[in-house]
Amino acid sequence: MQRATSAVFMLALVALSGCAGSSLVLGPGAPQGIEGQVLLGPMCPVQQVGNPCPDQPYQAWIDVRDGGGGQVTRMRSDTDGHFRVGLAPGSYVLHPESGNPLPRASDQQVEVAAGTYTSVTISFDTGIR
């Protein structure tokens, strides 16, 4: 009986630990989280005065990870590069899915405070110089 009780307790702990990340993700009406835009650039090999070549919106996959590196959720920016995800207050790392070898974007550490959305810009480098 002791062994069966221990096994049930361990299974419950494993099940609960698997849910920890998902409890950080809140629904679309969440009062706080992360929002922003993904941009791709540079788009021109040589920028000249009077002939701007702005970065362009980019649709990309982004993993949201907790402080320990565990995946909390995965999202994709829309065709205009915008994204928004409701999250519990805390520290997160945005991990954009980079190409091989390009375009490439770096991870970003983001703090989410209660009652507000933290705004970020994720910049993918095209490698054009």
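Some notes on this structure:
- Residue selected from the range 23-52 under the condition modelled with pLDDT under 90 and either surrounded by 10 or more Cβ atoms within 10 Å (Cβ to Cβ) or charged (D, E, K, R) (or both), by the criterion nearest to Gly99 (Cα to Cα): Gln47
- Within the range 81-101, the set of residues being closer than 17 Å to Gly69 by Cα, touching a Phe, Trp or Tyr at 6+ places or on another chain (Cβ under 8 Å) and in a strand (DSSP E or B) comprises just one member, Pro96.
- Test: residue in the range 53-73 that is exposed (fewer than 15 other Cβ atoms within 10 Å of the Cβ), of a type in the set (D, E, K, R), in a strand (DSSP E or B) and within 13 Å of the chain's Cα centre (by Cα): no
- Close Cβ contacts (under 6 Å, 6 or more residues apart or on different chains) running from residues in the range 66-93 that are in contact (Cβ under 8 Å) with a residue 40 or more places away in the chain and closer than 17 Å to Ser106 by Cα to residues that are surrounded by 13 or more Cβ atoms within 10 Å (Cβ to Cβ) and of a type in the set (Phe, Trp, Tyr) comprise Ser77/Phe83; Gly81/Tyr58.
- Qualifying positions in the range 40-52 - in contact with a strand residue (DSSP E or B) (Cβ under 8 Å, 6 or more places away or on another chain) and outside any loop (DSSP other than H, G, I, E, B): Leu40, Gly41
- All positions within the range 111-129 that are within 30 Å of Gln47 (Cα to Cα), assigned to a loop (DSSP other than H, G, I, E, B) and of a type in the set (Gly, Ala, Ser): Gly127
- Residue in the range 92-125 that is surrounded by the fewest Cβ atoms within 10 Å (Cβ to Cβ), counting only those that are among the β-branched types (Val, Ile, Thr) and in contact with a strand residue (DSSP E or B) (Cβ under 8 Å, 6 or more places away or on another chain): Thr121
The values are calculated or read from the model by the stated rules, or taken from the named source; none is laboratory data. Everything numeric here is computed off the predicted structure, so don't read it as measured data. In this analysis, Cβ positions are derived from the backbone assuming ideal geometry, glycine residues included, and neighbour counts consider all displayed protein chains.
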